[in-house]
Amino acid sequence: MSLTEPPPPRASLRQGGAGPGRRRPPRTPKGRQVDLQALAQVRALLGERERRRDLLIEYLHLIQDRNGHLSAAHLAALAQEMRLALTEVYEVATFYAHFDVVKEGETPPPPVTVRVCDSLSCALAGAERLLADLQKQLGPGARVVRAPCMGACDRAPACAVGHVQVLNADKAQVATAAAKPAHAHTYPTPAPFAAYLKSGGYELLNACIAGKRTRDDIIKLVSDAGLRGLGGAGFPTGRKWSLVRAEPAPRLFAVNCDEGEPGTFKDRYYLERDPHRFIEGMLIAAWIVEAADTYLYVRDEYPDVILLLREEIAKVEQAGLSKHTRIHLRRGAGAYICGEESAMIESIEGKRGLPRHRPPYVAQVGLFGRPTLEQNVETLFWVRDIVEKGVEWFTSQGRHERKGFRSFSVSGRVKNPGVKLAPAGITARELIDEFCGGMADGHTFKGYLPGGASGGILPASMADIPLDFGTLEKYGCFVGSHAVVILSDHDDMKAVALNLIRFFEDESCGQCTPCRVGTEKAAQLMANGPWDAALLDELSALMRDASICGLGQAAPNPLLSVLKYFPDDLKKPLGHW
């Protein structure tokens, strides 16, 4: 061919030419191919359920429960079945601690997983020794891993064999449970639905729906009683109801039963023993704001509570008591951050639990973009009693110029830990002496956490401050969800603070750098010691000022408390339990 001659035309793909320039079509489509057997299994599991995006986490649970893990083949099949990008499914599955994602070529986990809680109350009760013993004792048929708080701090140390908890655990009990893992769950027998009805249950709800009670009447009663959000923030309940009602319909309702704060277990206590008092309060609140749908989000560490609520809510629906709102029970998947209201809403929508930037607030733009009421379990538990027994009954309780009841989750170095219903404003010293039988034998009161892992640490010399909203902030602490962990002269406060910061490091959602990197850096500085007070203070200021949500903002509280209130512990080597 002459250099001056034009080259021969390339065959056009559109024309179906067969020239040398034509690309051969790929033998298989691009991307991960769906295994037909895995697809059939996923379809059989899902059955007639709707393939909605917000149900992704529920369907991941179905696969995990059936197979013990999430294989690459099943994730690809689920993505195709739900018409989602595989990346969307993977990012959700790998975000939550209770999902075991097994990549191609990896060995699936053993059939039994034993999780040992290493949060503070369990650490005080010997979780580290138990963890080491189990790792040596259990064979290849089980794996032993660390886990964050399981909401059983009063019965520490706590373990979970699969999803079944072993409380006040020792290595013999756990080994026996691991050898014959149970599939059925048990829970304290609550008052039956019929008995609750006979005792006047749901009469208030029926009066509301029948128009015998007005919404303004109920709002005024809970406002006059001073009922507040009891999940940690303490926002006035009546005011929140009014704010949500002022937003345009349709409105939604999200109930937070994801109490993952180390030291907190009061919601579990009330749900196990009197679920219908809570359910009635929930249905009244849904009626107040005219919520078309109510979403109840329960942490995965409470499988017995989830089963109990499914049974009891079904009875309520069959009795026609929830016609004004559709109830959806959603199961968490092991993420402390989902206790934050906007992260919980993201999780209900089937996404990673990443806190949202605010404004707009959840009351304005919440679940599925609609105005949303968000409430804690215990707050709703008190609605019926306040309305029926009256404002004076509730406000007649209280000490030190505070009013009402408070449910304290008490754990640590006391004789009788547990949920203590006490007057608002009670002090830590009064709580120990009057409600917990005093300190455990051989222990001298040294300090306490007034509000769980994020509420800071105070010395015993400051145990006469009322425990309530607004009383502790000037000391760098807060009461939060009223989780009180009592510490003694056996405990090194540096080790306590390190345990707590490692919890926050593990539970950070990773969305913002100040929290993601700050908690990791703080843990390193605290573990390697000696503590550099100026550097830790500077790091804490950055985390407080720049973190998106309360996790990163409150994570430094324990270490700052040790720097401020426990100077003697700073001079000693880092202790352990």
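The values are calculated or read from the model by the stated rules, or taken from the named source; none is laboratory data. Predicted, not measured: the structure shown is a model, and the values here were computed from it. Note that each Cβ is placed from the backbone with ideal geometry, even for glycine, and that neighbours are counted across all protein chains shown. Just so you know, the surface numbers come from the protein's heavy atoms only, side chains and all, with ligands and any DNA or RNA stripped out. Shrake-Rupley method; radii C 1.70, N 1.55, O 1.52, S 1.80 Å.
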Under a plain spin-label model, where a point goes 7 Å from the Cα along Cα-to-Cβ, how far apart in nm are residue 180 and residue 49? 3.1
Can you check what the net charge comes to around residue 162, using other residues whose Cβ is under 10 Å from the Cβ of residue 162 (Lys, Arg +1; Asp, Glu -1)? 0
Cα centre as origin, Lys/Arg/Asp/Glu Cβ charges: region 314-461 dipole, Debye: 340
If you average the sequence gap of Cα pairs under 8 Å that are 6 or more apart and divide by the length of region 89-180, what percent do you get for the contact order? 29
Total charge dipole magnitude, region 34-179, about the Cα centre, Cβ charges on Lys, Arg, Asp, Glu only, Debye to nearest 20: 180
In nm, spacing of pseudo-spin labels at residue 170 and residue 392 (7 Å Cα→C-beta vector): 5.4
Lysines with Cα under 23 Å of residue 266, excluding same-chain neighbours fewer than 8 positions away: 240, 389, 403, 415, 420
Segment residue 94-residue 524, length gained on full extension (0.36 nm per residue, minus Cα span): 152.3 nm
Between region 271-299 and region 516-531, how far is it from one alpha carbon centroid to the other, in angstrom? 41
Rounded, prolate or oblate, given the Cα gyration tensor of region 377-467, with a/c below 1.5 counting as rounded? prolate
Among 124, 368, 175, whose Cα lies farthest out toward the positive end of the dipole of the chain, if unit charges sit on the beta carbon of Lys, Arg (+1) and Asp, Glu (-1)? 368
With contacts defined as alpha carbon pairs under 8 Å and 6 or more residues apart, what's the relative contact order of region 436-504 in percent? 36
Suppose the Debye formula is applied to equal point scatterers at every Cα of region 303-438; what is log10 I(q)/I(0) at q = 0.11, 0.15 Å⁻¹? -0.64, -1.08
Eligible lysines near residue 103 by straight Cα distance, threshold 20 Å, same-chain separation 8 or greater: 30
With eigenvalues of the C-alpha gyration tensor scaled by 5 and rooted, region 354-426, Å: 31, 20, 12
Let's see if you can work this out: charge +1 on each Lys and Arg Cβ, -1 on each Asp and Glu Cβ, no other charges. What is the dipole magnitude of the chain about its Cα centre, in debye to the nearest 20? 1760
Distance-filtered residues of region 293-315 - backbone nitrogen under 14 Å, label point 7 angstrom along residue 272 Cα→Cβ: 301-309
Accessible area of the chain belonging to carbon and sulfur atoms, whole % at 1.4 Å probe: 51
At a Förster distance of 45 Å, what's the computed FRET efficiency of residue 572 paired with residue 401, Cβ-Cβ distance as r, to 0.05? 0.70
Could you give the C-alpha radius of gyration of region 149-299 expressed as a fraction of 2.2 N^0.38 Å, taking N as the number of residues it contains? 1.29
Under the definition of Cα pairs under 8 Å and six or more residues apart, what whole-number percent is the relative contact order of region 469-524? 23
Quick one: the Cα spread of region 496-576 along its three principal axes, in angstroms, biggest first? 36, 22, 16
Within straight cross-link reach of residue 136, meaning Cα distance under 19 Å, which aspartates and glutamates are found once same-chain residues fewer than 8 apart are removed? 118, 128, 170
Given (i) 94, 62, 38; (ii) 80, 61, 43; (iii) 103, 66, 53 as possible values of Cα extents along the principal axes in Å, the one from the coordinates is (iii)
Antiparallel versus total DSSP beta bridges in the chain: what percent is that, nearest 5? 40
What accessible area per residue, rounded to a whole number of Å², is obtained for the chain using a probe radius of 1.4 Å? 44
Whole-Hz ³J(HN,Hα) from phi, Karplus 6.51 cos²θ - 1.76 cosθ + 1.60, for region 92-101, glycine and proline x: 6, 5, 8, 6, 9, 5, 8, 9, 9, 8
